[in-house]
Amino acid sequence: MIRRLIDKLSPTLYVQIWENRIRVVDIETNGVFDEQPHLQVESSKNGAKIVTAFGNKAYVNPLNPFSHPRALLNDFFVAERLLKEIINQLAGKKLLSPAPIIIIHPMEKTEGGLTMIEIRAFREMAIGAGARDVVIHQGQESLINTEINFKELAKQEQRLALTLLSMH
């Protein structure tokens, strides 16, 4: 009973990632973050790293965690922090905000499919950013303007993983 209540209250976020763009859509509220995947970090006097801007507002030495010649995910920790900042912005100032369910959809550099390492890295990135549950969606078709069924996507991901494992 409590699990169903949490599921009902948890936002579902659809995250599309390109090298020079990240688009996060809150499926329930239609809130959208669609900007450059940049994070601006500065050091405080005691040496701690502080996020001072993200997205299009990050213009002083911006870090792009999705810029690499061979793979889409280049810097795991910067990507995790960027996604956390985006989630917090979309959630707004709420007293109680349940952890979101996240669908990660890499939009480029996926020729031949994602490796198990890439799938795990994207999953861990989303969990580290605050996700309660994560599905990695593979394919070029966008899920925007479709009925998103998280459980069905999770089953598809499991079938794909089993297929990959059976090849070895």
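The values are calculated or read from the model by the stated rules, or taken from the named source; none is laboratory data. Everything quoted here is computed from the prediction, not taken from an experiment. Virtual Cβ from ideal backbone geometry, glycine too; neighbours counted across all protein chains shown. For accessibility, only protein heavy atoms count, side chains too; no ligands or nucleic acids. Shrake-Rupley method; radii C 1.70, N 1.55, O 1.52, S 1.80 Å.
I'd like to check something: does segment 65-76 contain any residue that is open to solvent by 40 Å² or more (accessible area, probe 1.4 Å), farther than 25 Å from G31 by Cβ and outside any loop (DSSP other than H, G, I, E, B)?
Yes, segment 65-76 has at least one match.
How about segment 23-79: which of its residues are over 15 Å from M107 (Cβ atoms) and among the charged types (D, E, K, R)?
D26, E28, E42, K45, K49, K57, R70, D75
If the requirement is being aliphatic (A, V, I, L, M), at pLDDT below 95, on the phi < 0 side of the Ramachandran plot and assigned to a helix (DSSP H, G or I), which of these qualifies: L165, L82, L143, L95?
L165
Pairs, please: C-beta under 8 Å, at least 6 apart or cross-chain, first residue in contact (Cβ under 8 Å) with a residue 60 or more places away in the chain and under 13 Å from A58 (Cβ atoms) and in segment 19-41, second open to solvent by 60 Å² or more (accessible area, probe 1.4 Å) and not polar (S, T, N, Q)?
Partner pairs satisfying both residue conditions: I22/D34.
Does S44 qualify as being farther than 18 Å from I22 by Cβ, hydroxyl-bearing (S, T, Y), free of Cβ contacts under 8 Å to residues at least 60 places away in the same chain and open to solvent by 20 Å² or more (accessible area, probe 1.4 Å)?
Taking the combined requirement at face value, the residue satisfies it.
Only one of these is open to solvent by 60 Å² or more (accessible area, probe 1.4 Å), under 17 Å from the mean Cα position of the chain (by Cα) and either within 19 Å of L73 (Cα to Cα) or of a type in the set (F, W, Y) (or both): R123, R132. Name it.
R123
Among the residues of segment 54-67, which ones are at pLDDT 95 or above and at negative phi?
Within segment 54-67, F54, N56, K57, A58, P62, L63, N64, P65, F66, S67 qualify.
If the Cβ limit is 7 Å and pairs must be 6+ apart or interchain, which residue in segment 125-154 that is within 14 Å of L114 (Cβ to Cβ) pairs with which residue that is among the hydroxyl-bearing types (S, T, Y)?
Close Cβ pairs (under 7 Å, with a partner that is among the hydroxyl-bearing types (S, T, Y)) amount to Q138/T110.
So for segment 152-162 (the condition being open to solvent by less than 70 Å² (accessible area, probe 1.4 Å), in contact with a Phe, Trp or Tyr (Cβ under 7 Å, 6 or more places away or on another chain) and not polar (S, T, N, Q)), does at least one residue qualify?
Checked against the condition, which is being open to solvent by less than 70 Å² (accessible area, probe 1.4 Å), in contact with a Phe, Trp or Tyr (Cβ under 7 Å, 6 or more places away or on another chain) and not polar (S, T, N, Q), segment 152-162 yields no hits at all.
Filter segment 1-28 for residues that are open to solvent by less than 90 Å² (accessible area, probe 1.4 Å), modelled with pLDDT of 90 or more and either assigned to a helix (DSSP H, G or I) or farther than 14 Å from L143 by Cα (or both) and give the result.
Once the filter is applied, which keeps residues that are open to solvent by less than 90 Å² (accessible area, probe 1.4 Å), modelled with pLDDT of 90 or more and either assigned to a helix (DSSP H, G or I) or farther than 14 Å from L143 by Cα (or both), segment 1-28 yields P11, W18, E19, R21, I22.
Spot the failing condition for G113; the list is (1) of a type in the set (G, A, S); (2) in contact with a helix residue (DSSP H, G or I) (Cβ under 7 Å, 6 or more places away or on another chain); (3) modelled with pLDDT of 80 or more; (4) open to solvent by 30 Å² or more (accessible area, probe 1.4 Å), and only one is missed.
(2)
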